[in-house]
Amino acid sequence: MAETGLVDGIPPSSIATSMAANGDPTGSRKWLAQHGITYGLIYTGEALGNVSGGTRRGNLYQGKLEAFTAIDFEKLAGWQGLSFFGNAFQIHRTSGMRGDHFGSLITISNIEAVPSTRLSELWLEQKFFDDRFGLRVGQLAADTEFFISDTSKMFLSSDWPTITGANLPSGGPAYPLATPGARLRFDPDKNWSALLALFNGDPGEQGTINRTGTNFRINDPPLLMGEVQYRYNQGKDARGLAGGMRLGAWQHFGKFDDQRFGTDGLSLAHPLSNGIAHRFQGSSGIYGVLDQQIYRPEGGGPDSGVGIFSRISGSPSDRSLVNFFLDSGIVFSGMIPARPDDKFGASFIYANISNRARGLDHDMIAYSGIEQPVRNYEMTIELSYQAQIKPGWTLQPNFQYVIHPGGHISDPSTPERSIKNGAIFGLRTTIAY
């Protein structure tokens with residue numbers, strides 16, 4: 001989304017600040033901003049290569065261009081509290097390190113998606129009662145506000161969590177998918193926020209049903225999400241360690257397949273099974289998020305120094321492929337005197353395969369007599385360094401190690417063996433205008 005703190009329509013971290021006339025030789029960007037209209041472009045490109053493990057070795061390049069625009073209707077037309085936001089992606093050359101090379105459940109690159117040009121979010125928001133309440137209506141993505149860690153954003157694997165991506169229809173309303181919905185936000189003071197959102201519960205598969213992001217589905221069973229946020233010591237002049245906590249939950253009102261048993265009560269692996277999974281009405285989950293600064297240099301802001309983060313979540317085992325999720329990490333910001341805008345850090349992500357799905361694997365072995373891997377968990381470890389070349393332009397070398405790809409699934413070339421753990425090296429560049 002667009003950054004706050006714009007000056008003459010230019011975000012503070014924009015390559016435009018390093019260009020002649022701030023990249024606005026005609027003054028049109030400044031004029032539009034004065035009338036409430038701002039816009040921007042963000043390009044992210046990366047080269048990735050897996051040097052060991054997975055289903056095959058190889059290198060790839062992939063990229064995403066995001067264009068966004070925002071309108072402040074108070075400046076444009078005198079309508080207090082009304083704003084508009086829209087963004088679109090041009091996703092290209094995403095050959096699929098996650099799917100084609102590893103079969104992973106956990107994100108390897110958070111820009112990877114089916115190549116397409118697609119609309120993402122498109123909404124209006126009205127704020128009222130001194131901006132304490134905000135009602136947003138339109139095409140929304142849940143991962144812009146819910147279940148996110150601010151500290152983790154530098155990592156390539158930081159994304160909509162695996163537990164929602166693996167369990168919700170079409171992965172849920174998260175990059176690159178958005179869906180019609182409404183969100184109500186209440187900010188009683190600068191420290192507390194409460195959010196409640198209702199989304200159409202299935203945004204549609206990104207490669208088929210919803211390739212352009214314009215199908216605007218409204219007839220699917222809904223997804224309800226709620227979150228309470230608490231923040232402290234966020235001011236630039238605050239002396240204490242900054243931090244934030246989020247507690248949230250979701251409820252989907254659709255139907256979900258049993259991960260092991262059919263409508264006849266038999267295991268789906270049983271030779272006499274009718275092959276029709278028992279269906280449950282609805283599914284749900286709870287989660288918590290922690291961002292905590294553990295070292296704040298003198299005069300530093302809330303995102304300086306050393307920060308840690310963690311997200312934890314659980315869902316019912318009987319109707320969920322992933323029933324437990326945990327990620328955590330540490331980020332060092334501005335710790336090298338000669339490179340005050342650089343960041344580096346380490347993180348891990350763990351996704352546990354539910355007992356019910358694991359039981360189905362045991363049944364398959366018992367009834368077929370053929371040995372195969374039993375799914376248990378997937379974990380990814382990431383090391384990353386983000387170097388600022390100029391404001392708005394970063395280069396980011398990256399290393400990831402994938403353990404038990406796909407949750408310890410069979411290798412297609414040798415089904416009796418699991419896909420091998422693998423190492424990935426990468427380099428990302430991001431340019432914001």
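Highest GNM mean-square fluctuation among S273, S152, S109, for the chain modelled with Cα contacts below 10 Å: S273.
Packing order of peptides 79-92, 157-170, 365-378, highest average first: 157-170, 79-92, 365-378 (average count of other Cβ atoms within 10 Å over each peptide's residues).
In the chain, Cα pairs under 8 Å separated by at least six residues give a relative contact order of 15 percent.
Net charge dipole, the stretch 1-77: roughly 380 debye, given to the nearest 20, about the Cα centre with Cβ charges of +1 for Lys and Arg and -1 for Asp and Glu. Measuring from a point 7 Å past the Cα of F128 along Cα-to-C-beta, which residues in the stretch 135-158 have an amide N at less than 17 Å? Of the residues in the stretch 135-158, 135-138 have backbone N under 17 Å from the label point off F128.
Taking the longest Cα principal axis of the chain as reference, the axis of helix 355-368 is set at about 30 degrees. What FRET efficiency comes out for the pair K190/E74, r = Cβ-Cβ distance, R0 = 25 Å, nearest 0.05? With R0 = 25 Å, the Cβ-Cβ based efficiency is 0.75. When the stretch 306-433 is described by a simple charge dipole with +1 on each Lys and Arg Cβ and -1 on each Asp and Glu Cβ, the residue from A351, I365, A432 located farthest towards its positive end is A432. Placing unit charges on the Cβ atoms only, positive for Lys and Arg and negative for Asp and Glu, gives the stretch 284-417 a dipole magnitude near 200 debye about its Cα centre.
Count neighbours as other Cβ atoms within 10 Å of each site's Cβ, and list the trypsin sites (Lys or Arg not before Pro) in the stretch 85-118 that are DSSP loop with at most 15 such neighbours. Passing sites in the stretch 85-118 are R93.
Here the accessible area is traced with a 1.4 Å probe on the protein chains. For the stretch 1-145, carbon and sulfur cover 58 percent of it. Using only side-chain charges placed at the Cβ, +1 for Lys and Arg and -1 for Asp and Glu, the dipole size of the chain relative to its Cα centre rounds to 300 debye. In percent, rounded to a whole number, the relative contact order of the stretch 47-206 is 18, using alpha-carbon pairs under 8 Å and six or more apart. The stretch 314-353 and the stretch 19-77 have Cα centres separated by 25 Å.
Accessible surface of M364, taken over heavy atoms with a 1.4 Å probe and every protein chain present, rounds to 80 Å². Legend: Rg and Dmax of the chain, from Cα coordinates, 22.7, 74 Å.
Subtracting the Cα-Cα distance of L65 and F425 from their residue separation scaled by 0.36 nm leaves 127.4 nm.
Taking N352, N398, N274 as the candidate residues, the one with maximal mean-square fluctuation in a Gaussian network model of the chain, Cα springs under 10 Å, is N274.
Entry note, the stretch 292-385: relative contact order of 23 percent, from Cα contacts under 8 Å with a spacing of 6+ residues.
With contributions of -39500 (n - 2.57) from each DSSP H run of at least four residues, the per-residue ellipticity at 222 nm computed over the chain stands at -2000 deg cm²/dmol. Candidates G165, G134, L119 compared by Cα position along the dipole of the stretch 85-178: farthest toward the positive end lies L119, with charges placed on Cβ.
Surface exposure of the chain, expressed per residue as accessible area with a 1.4 Å probe, stands at 45 Å². Taking 0.36 nm per residue of sequence separation and removing the Cα-Cα distance, the M335/T212 pair yields an extension gain of 40.1 nm.
Net charge around S116, counting only other residues with Cβ within less than 14 Å of its Cβ (Lys, Arg = +1; Asp, Glu = -1)? Within the 14 Å Cβ shell, the charges total +1. Return the aspartates and glutamates within reach of K390: Cα separation strictly under 13 angstrom, same-chain partners fewer than 8 residues apart disregarded; answer none if there are no such residues. Within the straight-line limit of under 13 Å, K390 reaches these aspartates and glutamates: D341, D342.
The values are calculated or read from the model by the stated rules, or taken from the named source; none is laboratory data. The shown structure was predicted, so the numbers you read here are calculated from the model rather than taken from an experiment. For neighbour counting, all protein chains shown are included, and Cβ atoms are generated from backbone atoms with ideal geometry for every residue, glycine included. Areas reflect the complete protein model, heavy atoms only, side chains present, ligands, DNA and RNA absent. Shrake-Rupley method; radii C 1.70, N 1.55, O 1.52, S 1.80 Å.
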